[in-house]
Amino acid sequence: MPLLLILPPLAAVLIWSGNMTINQLTVGAIAPSSIAFLRWVLALGVLSPFVLPAVWRHRQALKREWPKLAFLGLLGMAMWQGLAYVAAETTSATNMGILAATVPLLTVLLSALILGEAPTLGGVLGGLVALLGVAVLLGHGDPLSLLALEVSPGDTLMVAAATCYALYGVMLKRWPMALPPWVMLYVQACFATLLLLPSYLLGPMTPVDGGNVWLIIYAGIPASIVTTFLWMRAIRQIGASKASIFLNLMPLFSALIAMALLGERLAYWHLLGGALTLCGVVMAQTLTQPLRRNVASNG
C-alpha cells in the first residue's frame, strides 16, 4: 500500500491513542462531565462557520433523519468518549487502548446480530480468542477472578464504551443517509452536546484554566475534528475494512504513549491480554469465509 494512503488512518489511530493518555490526564484536572461537554462545544465552534451553510441547504433531509442522527450522536459522540472519561478514573491508559481495540471485533459480532450478516470463521474463532485476551486483561492475569467480579469499574465502563462505538458503526451502515459526511458529523455533534448538557449542569462544573484548557483543545480539535477528517479520507481511499485494521495498532500506541508521558509500566498480563485480543481482531478481519456456506456445503 502506498505511503500516502497509509498516513491518514495511521495518523488518526495515533491521535486516538494519544487521547487515551489525555483521558488519564483529565483525572483531577477537569470533571468527566465537563470535558465531555466542552470538547464538543469547542468542536462545534470551530466547525460552524464552515459547515452551517451546508446544514441549511440540507435542512429538508435533516428534518426526516434527525431521530437517527440523534441516536448516532448519543452512541458515537456522547457515550463513547463520555464513558471513557469516567473510566479513566479507575483504569489505565494501556488498558483503555487494548479494550478500545476490540471495536472492530464487536462490530463484526453486532453486524451479525443486527444486520443479519453471516458470521465468519474468523468472527467466531477470533471472537473467542479476543474474549480470552480481554478476560486475561480484566483479571490482571487471572481470568477466573472475573467469577468473583474482581474487575475495576473503569475496565467495565471501557467495554461498554467500545460496545457503544461498535454499535454506532453498525447503525451507520444500517441507516444510509443522502447527506454529506461533514453535515452528518456536525448534526450528530449538536445532538451529543444537547444530550451531554444535563450532566454538565448537574455535575461538578470545572472552571476552564491554564491547567486544563489544553486538554479540552486536544479533545475538541485533534481527537474530534482532525481524526474525523483523516478517517473519512482513509475510508474513501482504502475502504472501511482496510482502514479498521489500523485500529489494531491502538494498544501498542496507547501503551508507548502512556509509558512516555504517564510512567505506566507494562505487566505480563498487558502483553498477554493485548496479544490475544490483537490476534482475535486480526482473525476476525482476515478469515472472512462465511460459516453459513460451510454448513450448506456439508449438508
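Total residues in region 254-282 satisfying the condition of being hydrophobic (A, V, I, L, M, F, W, C) and at pLDDT 75 or above: the figure is 12. Restricting attention to region 24-34, does a residue exist that is assigned to a helix (DSSP H, G or I), under 17 Å from the mean Cα position of the chain (by Cα) and over 14 Å from residue 226 (Cα atoms)? Checking region 24-34: at least one residue is assigned to a helix (DSSP H, G or I), under 17 Å from the mean Cα position of the chain (by Cα) and over 14 Å from residue 226 (Cα atoms).
Of the residues in region 74-92, at least one is in contact with an Asp or Glu (Cβ under 7 Å, 6 or more places away or on another chain) and in contact (Cβ under 8 Å) with a residue 40 or more places away in the chain.
Looking only at residues in region 160-211 that are of a type in the set (Phe, Trp, Tyr) and not in a loop (DSSP other than H, G, I, E, B), the one that is farthest from residue 28 (Cα to Cα) is 182.
Does residue 70 satisfy the criteria of being part of a helix (DSSP H, G or I), without any contact (Cβ under 8 Å) to a residue 24 or more places away in the chain and of a type in the set (Gly, Ala, Ser)? Criteria not met by residue 70.
The values are calculated or read from the model by the stated rules, or taken from the named source; none is laboratory data. Predicted, not measured: the structure shown is a model, and the values here were computed from it. Positions of Cβ are generated from backbone atoms using ideal geometry, with glycine treated the same way; all protein chains shown enter the neighbour counts.
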